[in-house]
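Inspection log for the structure reproduced underneath, given as structure tokens.
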């Protein structure tokens, strides 16, 4: 249950000095990512690019052999092989024809799922990203990484069911299509992630990496069957549990009326008296979601909207590397 307390000077800038042209020059590293700076950017593409820049973008290779540039092994020449792949230097030493084989970069299908249930709209203070905006920026950055790696990318909006769906594609225009979906997602009715995920599995192609950004206000016991089905159908999953710092710390002091964003139910509460019990139950819920994922070999990360989500981006890249 999601609870909320009711309670230019006009001078043109000078031009930067020209970059040095000496060999080996590298631009200075980006300054550390600040969440207030990210929130101030406003635009989803700007936020996504800032996150991707803070992480840096790498590559992945496949265990399958192909014709890319990363060397894997030699094999004997066979009639009909492409002579351009012959290692002529090795031939000069051994008087035998050998072909160079290389790791082939194989595409993955990455599906980004954004929870748009009403509880995701919560932000405890001004200048802090809501859980929804935090999730949008995080998934927007992942689209950049996926497109850079030439993988297929799809996306969906979920709450009580699958609201919108873009199937995975390697099309050059997929980046803008996914950003368009994330940029104005609207708001769902209630949280029913298990039902939504069952619907996603009905329409998704084989062997996808699903990345779910949600606060996971769902009964963990309801998630276990759908995660089991997901793994049985040879998909992979990275669950990103997003919480506002006020939801984690529950540092409210004065008695107040709290209300559930999704049901509208009110609750008069003395937070100072209930803080310890609340924190224990909230922590237990997040741990149960993590356990439901890890029981089937999937990962779940606990994220706060006042902390940069770079670990989540790295975790996604690690999951992709594990599928080579």
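The values are calculated or read from the model by the stated rules, or taken from the named source; none is laboratory data. Here the structure is a predicted model, which is why all the values come from computation and not from measurement. For neighbour counting, all protein chains shown are included, and Cβ atoms are generated from backbone atoms with ideal geometry for every residue, glycine included.
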Return the residue satisfying two criteria in turn: it lies in the range 175-191 and is modelled with pLDDT of 90 or more and more than 16 Å from the chain's Cα centre (by Cα), and of such residues it is surrounded by the most Cβ atoms within 10 Å (Cβ to Cβ).
177
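Evaluate the following for residue 253: is it modelled with pLDDT of 95 or more, surrounded by fewer than 15 Cβ atoms within 10 Å (Cβ to Cβ) and at negative phi? Reasoning before the result, please.
Values: modelled with pLDDT of 95 or more: no; surrounded by fewer than 15 Cβ atoms within 10 Å (Cβ to Cβ): yes; at negative phi: yes.
Against the criterion (modelled with pLDDT of 95 or more, surrounded by fewer than 15 Cβ atoms within 10 Å (Cβ to Cβ) and at negative phi), residue 253 does not qualify.
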Look at the range 195-215 and say how many of its residues are more than 15 Å from the chain's Cα centre (by Cα) and either part of a loop (DSSP other than H, G, I, E, B) or not assigned by TED's automatic domain parsing to the domain that holds residue 300 (or both).
4
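How many residues does the range 266-314 contain that are part of a loop (DSSP other than H, G, I, E, B) and in contact with a strand residue (DSSP E or B) (Cβ under 6 Å, 6 or more places away or on another chain)? Let's see the steps before the verdict.
Initial filter on the range 266-314 (part of a loop (DSSP other than H, G, I, E, B)): 270, 295-298, 305-309.
Next, only the ones that are in contact with a strand residue (DSSP E or B) (Cβ under 6 Å, 6 or more places away or on another chain) stay: 298, 309.
The total comes to 2.
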Taking the range 230-255 and keeping only residues that are over 22 Å from residue 285 (Cβ atoms) and touching a helix residue (DSSP H, G or I) at 6+ places or on another chain (Cβ under 9 Å), one is left with 233, 235, 236, 253, 254, 255
In the range 129-159, anything modelled with pLDDT of 90 or more and surrounded by fewer than 19 Cβ atoms within 10 Å (Cβ to Cβ) is listed as 130
The range 47-102, residues that are surrounded by 15 or more Cβ atoms within 10 Å (Cβ to Cβ), modelled with pLDDT under 75 and within 30 Å of residue 35 (Cα to Cα)
60
